[in-house]
Amino acid sequence: MKKIIFVVLSVIYLSFNSFAFDVRIGDVANIVGVRNNQLVGYGLVVGLAGTGDGSSEKFTIQSIANMLKKMNVTLTDSVVSSLQTKNVAAVMVTATLPPFAKQGDRVDVTVSSIGDAKSLQGGTLIMTPLKAANGKIYAVAQGAISIGGFNIGSGGGNKVRKNHATVGRVPNGAIVEREVYVNINSKDSITYSLKEPSFKLATEIAKTINRFYRKNIAYPQDSGSVKVHVPPMYAGNVVELISQINQLNVAAVSKPRVVLDEKTGTVVIGGDVTVEPVSISHGSLTVTIENTKSVSQPNALAEGETKVVNNKTVSVDESQGKFITFSKGAKVSDLVKALNKAGATPRDMMAIFQALKEAGALNADLEMM
């Protein structure tokens, strides 16, 4: 646990030193109409060593019968009902079709068991059509499955398991059969969609583009999009225009954010996160963080400047009190440092951050994973 807390503190100190930074437009915005497409299909994994679906999974038995029928092997109803499916598993196959993928290109697929199979280790996915939301087939998947682990059981009931054995991948396992056609060179305008909507960033992107081309060809439509009119010199060659715009740098500001992963007990804090005056009771921990301001006055003969200095006092008590108290403008790093000193676990921090957000005292977005 202490190792995890140390990592959290390291992230905090690093993130506090980088609030504003330059990013490329292509890294913070996508072009509307140029996107990935999700594909899905239903298939069978064969060649399992007795770790497939049991005979109670009727859809697996029916799928095997249908597959054999396509191979000109006809089975009677009595034979179908007596089929043993321990070496076969019914699976859902998913893939992501990237933009501008051409026929013959290959993409990775993920294979997930939908029955009671124990493991897909050593199995082979047989030919599975992959469809998009419009019902059309865009790719066909097939190949040996890699699960990156194992699931071994013994007759005495002992089991050894590594990773998730009922989900695997087939690297480059799907061949693209149909293209998603986008004639981007024929467009007279393009629209950039910001990955994280921001009025300031949208305005900065438009200003940066207009300065580079020395004409007003871009303007923000809202906080999430910027429209760019294609200049006459790039008519029919929009790809070059997009390539140039994507390389332009804009100033972006890091948004204060706290991310909590309850499954792994990980706490990540980014940006200049501060807290408002509030008191929280959590177990037997008492943490007090106070800010006091003082004036630093240089010697009369020195060439220094008079400055206001923040003096922070942090005290920890594990037994006498039950409240966490801190004043306006205190950094979350001070709170985490005090909790770390008291031996608090990351899950204690999670409870405190959630309570701070509910009380409106956390000046940051709180995200749960």
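The values are calculated or read from the model by the stated rules, or taken from the named source; none is laboratory data. Small disclaimer: the values here were computed from a predicted structure and weren't measured. Here the Cβ is made from the backbone with ideal geometry for all residues, glycine too, and neighbour counts use every protein chain on show.
Among 96, 60, 85, which is the only one that is in a strand (DSSP E or B) and either under 30 Å from residue 227 (Cβ atoms) or in contact with an Asp or Glu (Cβ under 6 Å, 6 or more places away or on another chain) (or both)?
Every option except 96 fails the conditions.
Among strands (runs of 3 or more DSSP E) lying entirely in region 159-248, which contain 3 or more residues that are free of Cβ contacts under 8 Å to residues at least 60 places away in the same chain?
Answer list for region 159-248: 159-162, 218-222, 225-229.
Have a look at 56, 15 and point out the one that is within 30 Å of residue 196 (Cα to Cα) and either modelled with pLDDT under 90 or acidic (Asp, Glu) (or both).
Going through 56, 15 in turn, just one is within 30 Å of residue 196 (Cα to Cα) and either modelled with pLDDT under 90 or acidic (Asp, Glu) (or both): 15.
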